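Since the structure comes first, as structure tokens, the remarks are kept for the end.
The values are calculated or read from the model by the stated rules, or taken from the named source; none is laboratory data. This one's a predicted model, so the numbers in the text were calculated from it and none came from an experiment. Here the Cβ is made from the backbone with ideal geometry for all residues, glycine too, and neighbour counts use every protein chain on show. Just the protein is used for accessible areas: all its heavy atoms, side chains included, with ligands, DNA and RNA removed. Shrake-Rupley method; radii C 1.70, N 1.55, O 1.52, S 1.80 Å.
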Amino acid sequence: MPLPVDLFEKENDLFEKDNFGSMAKKFMVLKNPFSKRRWRILRFFIIGWTLSFLFLAIVRGVGTEEQGQLQFSFGFSIKVALTLGPIMGLVSGLAQIIIEERIYKYLPIQRLLFIRFIYASLFIMVLIVAAYGVYQLYIGTDMGIWDFARDDGSAAIYFYVIFVDFFLSVLRQVNLMLGEGNLMKLLRGKFYTPREEARIFMFLDLQSSTNLAERLGHIQYSQLIQDCFNDLGIAVESGAEIYQYVGDEAVLTWPLQEGLQNQNCLRTFYGFKELLKKNGAYYRTKYECEPFFKAGIHAGVVTVTEVGKYKKEIAYHGDTINTAARIQGQCNFFNEELLMSEYLKNQLNTKAFIFKPIGSVPLKGKKEDVPICSVSSNS
């Protein structure tokens, strides 16, 4: 979800006194708070922190003796873990959402690490306050919060908390690299044996990419691709999985029914197009162009499996993918921005889009011609 254009221009001044307050407020504005992606992030961190505190409770509560003034029975430790875990998971999850959506792509790594350090410090403070409140709620103590925070053994807990925070953040990044939700599937061995799935595939290709690369140079052209694919992140709100980035091309996929629901596979393309248009002033200022993508869509049965020995990847195989890529390759020939197979079009029930039959066309690698149609928005 991109920031307004003026925020890009002020990136280098983010920590200046005049800008930091207004920027912080904009970072905190989260539109569509009930999106599936955000709920997945919150669920991941809530479960992760709850399990982490339960593990700590078991390790400290079985066969050990507390050295400090605070005494925790095993049963009380479990109760604290079940109370404190969801609270800290919620805090950590909200922080992760803000970092991913409002901070990550706008800051160099040095400032990002500085923010991470500040966050870790604040997180420890929140933990102390929450733990003190929970302890007072269940047992009660005459200790002040400062003495509570400095009790013997507290340093080890703080180290454990920082380690867990780092570990969960790494797991989140691995999950993003594999594709949302695929980490757990991979750990369960779901992709170890090839299996079939009915899916929709969309190939998106940046137009005039060769001319842009020659004019901008390699570095600035790569930055352009980065910005475009960051904006493509809106696709996940419609249930899309970003399968691959290949040069200046991106491949999206949906489970068949999820892609058909609410015409998600089509609304994603036009949502992305509208977002690029909305950010047009930024692209014109930085790159002297307005990026434009054309796409091809097809659906069918594919095989999904885990491939690679030293570099693992979740891969889809099948004629459906090749056909979608070939359909996209016809966009320039027919001067259309979006083409799809008649097979997929016949499964959509919508009046929000206009479909114009093109007929059966020969596609490279296909023995038989494939009926396709062009798509345009009815709005």
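With the structure loaded, tell me whether residue 375 is β-branched (Val, Ile, Thr), under 20 Å from residue 268 (Cβ atoms) and either in contact with a helix residue (DSSP H, G or I) (Cβ under 7 Å, 6 or more places away or on another chain) or at pLDDT below 90 (or both) or whether it fails that test.
Working: β-branched (Val, Ile, Thr): yes; under 20 Å from residue 268 (Cβ atoms): yes; either in contact with a helix residue (DSSP H, G or I) (Cβ under 7 Å, 6 or more places away or on another chain) or at pLDDT below 90 (or both): yes.
Spelling it out, residue 375 is indeed β-branched (Val, Ile, Thr), under 20 Å from residue 268 (Cβ atoms) and either in contact with a helix residue (DSSP H, G or I) (Cβ under 7 Å, 6 or more places away or on another chain) or at pLDDT below 90 (or both).
Within segment 289-311, how many residues are more than 16 Å from residue 226 (Cα to Cα) and without any contact (Cβ under 8 Å) to a residue 24 or more places away in the chain?
5
Output yes when any residue across segment 342-349 is crowded, with 17+ Cβ neighbours inside 10 Å and farther than 19 Å from residue 199 by Cα, and no when none is.
The answer is no, given that none of the residues of segment 342-349 is crowded, with 17+ Cβ neighbours inside 10 Å and farther than 19 Å from residue 199 by Cα.
Mind checking which pairs have a first residue in segment 157-183 that is of a type in the set (S, T, N, Q) and a second that is at pLDDT below 85, Cβ under 7 Å, 6 or more apart or different chains?
Between residues of segment 157-183 that are of a type in the set (S, T, N, Q) and residues that are at pLDDT below 85, the close pairs are 175/183; 182/314.
Hey, among the residues in segment 356-376 that are of a type in the set (Gly, Ala, Ser) and assigned to a strand (DSSP E or B), which one's surrounded by the fewest Cβ atoms within 10 Å (Cβ to Cβ)?
Taking segment 356-376 and keeping what is of a type in the set (Gly, Ala, Ser), we get 359-360, 365, 374, 376.
Narrowing further to those that are assigned to a strand (DSSP E or B): 359-360, 374, 376.
On the way: 359: 10, 360: 12, 374: 18, 376: 13.
Selected residue: 359.
Against the definition (part of a helix (DSSP H, G or I) and touching a residue at least 24 places away in the same chain (Cβ under 8 Å)), how does residue 286 come out, yes or no?
Working: part of a helix (DSSP H, G or I): yes; touching a residue at least 24 places away in the same chain (Cβ under 8 Å): yes.
The answer is yes for residue 286.
Mind checking which residues of segment 166-200 are part of a loop (DSSP other than H, G, I, E, B) and at pLDDT 85 or above?
Residue satisfying the conditions is 194 alone.
Considering segment 281-319 alone, what residues qualify as being within 25 Å of the chain's Cα centre (by Cα), among the aromatic types (Phe, Trp, Tyr) and under 24 Å from residue 337 (Cα atoms)?
282, 283, 292, 293
Residue 19 passes all but one of (1) over 21 Å from the mean Cα position of the chain (by Cα); (2) open to solvent by 50 Å² or more (accessible area, probe 1.4 Å); (3) of a type outside the set (A, V, I, L, M); (4) modelled with pLDDT under 60; which number fails?
(2)
Examine segment 216-231 for a residue that is touching a Gly at 6+ places or on another chain (Cβ under 7 Å) and either among the aliphatic types (A, V, I, L, M) or assigned to a strand (DSSP E or B) (or both), and state whether such a residue exists.
no
Among the residues of segment 187-226, what is the count of those that are more than 19 Å from residue 250 (Cα to Cα), of a type in the set (Phe, Trp, Tyr) and open to solvent by 20 Å² or more (accessible area, probe 1.4 Å)?
Result for segment 187-226: 1.
Does at least one position in segment 86-98 carry a residue that is buried (at least 17 other Cβ atoms within 10 Å of the Cβ), at pLDDT 75 or above, among the β-branched types (Val, Ile, Thr) and under 17 Å from residue 159 (Cα atoms)?
For segment 86-98, residues buried (at least 17 other Cβ atoms within 10 Å of the Cβ), at pLDDT 75 or above, among the β-branched types (Val, Ile, Thr) and under 17 Å from residue 159 (Cα atoms): absent.
Please enumerate the residues belonging to segment 145-160 that are in a helix (DSSP H, G or I) and either open to solvent by less than 70 Å² (accessible area, probe 1.4 Å) or over 19 Å from residue 117 (Cα atoms) (or both). Step through it out loud before you land on a result.
Filtering segment 145-160 for residues in a helix (DSSP H, G or I) gives 145-149, 154-160.
Answer for segment 145-160, where residues must be in a helix (DSSP H, G or I) and either open to solvent by less than 70 Å² (accessible area, probe 1.4 Å) or over 19 Å from residue 117 (Cα atoms) (or both): 145, 146, 147, 148, 149, 154, 156, 157, 158, 160.
It is to be established whether one or more residues within segment 361-370 are over 26 Å from residue 194 (Cα atoms) and modelled with pLDDT of 90 or more.
Yes: segment 361-370 contains one or more residues that are over 26 Å from residue 194 (Cα atoms) and modelled with pLDDT of 90 or more.
Residue under question is residue 163, and the condition is that it be assigned to a helix (DSSP H, G or I), out of contact with any Lys or Arg (no Cβ under 9 Å at 6 or more places or on another chain), modelled with pLDDT of 85 or more and open to solvent by 30 Å² or more (accessible area, probe 1.4 Å); does it hold?
Here the answer is yes, as residue 163 does meet what is asked.
In segment 232-258, which residues are open to solvent by 30 Å² or more (accessible area, probe 1.4 Å) and assigned to a strand (DSSP E or B)?
Listed by number, the residues that qualify are 241, 242, 243, 244, 245, 246, 249, 255.
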